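**Q** What follows is a structure written as structure tokens; I'll ask about it next.
The values are calculated or read from the model by the stated rules, or taken from the named source; none is laboratory data. Computed from a predicted model, the values in this text were never measured in an experiment. Here the Cβ is made from the backbone with ideal geometry for all residues, glycine too, and neighbour counts use every protein chain on show.
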Amino acid sequence: MKHTPFTLISIFILLLLASCRPVATELPPTPTGTPDLRTPLALTAEAQTQLAADAQATLDAQATDDSQAATAAFEASATADSLNATATIVMQRTETSGTAQAKNTQTAATRQAGTQQAITAATEQAQPMADLLTTLQTDGWLTSTDGEFTPMIDFDESWAQINWFQWYPTFLSPTSFVIRADITYESASDVANWFNSGCGFVFRYEDNDNFYVTFMKLDGNVEVSRWHNGYGTTLQNSYYGKLDLPRGIAEMVLIAEGPSIIILINGQKVVRLSDSVFTSGDLFYTLVSGTNKDFGTRCKMTNVGLWELK
């Protein structure tokens, strides 16, 4: 049998392929029980994870317990602080209330004492006036004693312009009234113009040019003048007696009831006249100086009381 070249080449290729095939051997049996090395590691990791989770849970539980305990302690402390603060505030309020009450009591007591002193002082001033009013009505120098009493503050002033007088407000404007005062007088000179030295009152004052004025002069006379439109007219000048010089004390009473004007010095009626030019106006203290020396003439009036007639 004749083989062509192609045939020979094909046979050669088949033989070459046959030599390259694996040898048929028995395969080893499938191993049984061979550990998977990854399993223990996986189990350990899971266990560790679980342990870690358990540990974390324990820590969380402990933290929760600690937190709750801390919260409870804080709340207890806060409650205690709050109670203490409340107790302190209550105590402070109680103390403040007590202190305020004590202060109010003290203030009330002080005011009551001051009021009582004022009443006592007013009573002391009112009693001489009450006695005076009774005498004046008995003697027929007052038609009525109905009225209202006003205690007045003390007056103490000096003036050193020879033969000039000055007046000072009482801030009262009685129409018909009785006013009395204890007068302490003094002159800085032993040779003053005694006829122009003295203490007294300006009354029914309308303005600087229209008013009545009366002085208890240190020459022993009482003068009542009327200033009308700037011109002065002496209505009466009456002698009441010798005074101590250059200083001394005396009581002066002025009564102005309607047109009637009466002056008493040391309980003695010295002036009684009638004039109806001025019927109302302001009341002032006044003094006239008979010397330019030092303080001039000083007048101090105490226990001054005003009875405003109705």
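**Q** Test Tyr240 against the stated conditions and say whether it is in contact (Cβ under 8 Å) with a residue 24 or more places away in the chain and not β-branched (Val, Ile, Thr). Even if it seems obvious, please write down each step before you answer.
**A** Details: in contact (Cβ under 8 Å) with a residue 24 or more places away in the chain: yes; not β-branched (Val, Ile, Thr): yes.
Taking the combined requirement at face value, the residue satisfies it.
**Q** I need every pair where a residue in the stretch 157-172 that is surrounded by fewer than 13 Cβ atoms within 10 Å (Cβ to Cβ) has its Cβ under 6 Å from the Cβ of a residue that is at pLDDT 95 or above and hydrophobic (A, V, I, L, M, F, W, C), sequence separation at least 6 or different chains.
**A** Hits for this filter: Pro169/Phe284.
**Q** Another question, then. Closer than 21 Å to Asp282 by Cα, hydroxyl-bearing (Ser, Thr, Tyr), in a loop (DSSP other than H, G, I, E, B) and out of contact with any Cys (no Cβ under 8 Å at 6 or more places or on another chain), is that true of Thr175?
**A** Numbers: closer than 21 Å to Asp282 by Cα: yes; hydroxyl-bearing (Ser, Thr, Tyr): yes; in a loop (DSSP other than H, G, I, E, B): yes; out of contact with any Cys (no Cβ under 8 Å at 6 or more places or on another chain): yes.
So Thr175 passes the test.
**Q** While we're looking at this one, here's another question. Across the stretch 277-310, what is the number of residues that are under 10 Å from Trp159 (Cβ atoms) and either within 39 Å of the chain's Cα centre (by Cα) or assigned to a strand (DSSP E or B) (or both)?
**A** Here the count works out to 7.
**Q** May I pose another question? Would you check if Thr145 is closer than 22 Å to Ile261 by Cα, hydroxyl-bearing (Ser, Thr, Tyr) and at pLDDT 95 or above? Don't jump to the end; show me each part of the working.
**A** On the way: closer than 22 Å to Ile261 by Cα: yes; hydroxyl-bearing (Ser, Thr, Tyr): yes; at pLDDT 95 or above: no.
For Thr145, the condition - closer than 22 Å to Ile261 by Cα, hydroxyl-bearing (Ser, Thr, Tyr) and at pLDDT 95 or above - is not met.
**Q** Also, I was wondering about something else. Which residues, taken from the stretch 192-224, are out of contact with any Phe, Trp or Tyr (no Cβ under 7 Å at 6 or more places or on another chain) and without any contact (Cβ under 8 Å) to a residue 24 or more places away in the chain?
**A** Result: Asp207, Asn208.
**Q** Please verify whether the stretch 254-264 includes one or more residues that are in contact with a Gly (Cβ under 8 Å, 6 or more places away or on another chain), over 17 Å from Asp154 (Cα atoms), assigned to a loop (DSSP other than H, G, I, E, B) and not small (Gly, Ala, Ser).
**A** Scanning the stretch 254-264, I find no residue that is in contact with a Gly (Cβ under 8 Å, 6 or more places away or on another chain), over 17 Å from Asp154 (Cα atoms), assigned to a loop (DSSP other than H, G, I, E, B) and not small (Gly, Ala, Ser), so the answer is no.
**Q** While we're here: How many residues are under 18 Å from Trp164 (Cβ atoms), charged (D, E, K, R) and assigned to a loop (DSSP other than H, G, I, E, B) if we restrict to the stretch 181-225?
**A** Of the residues in that region, 2 qualify.
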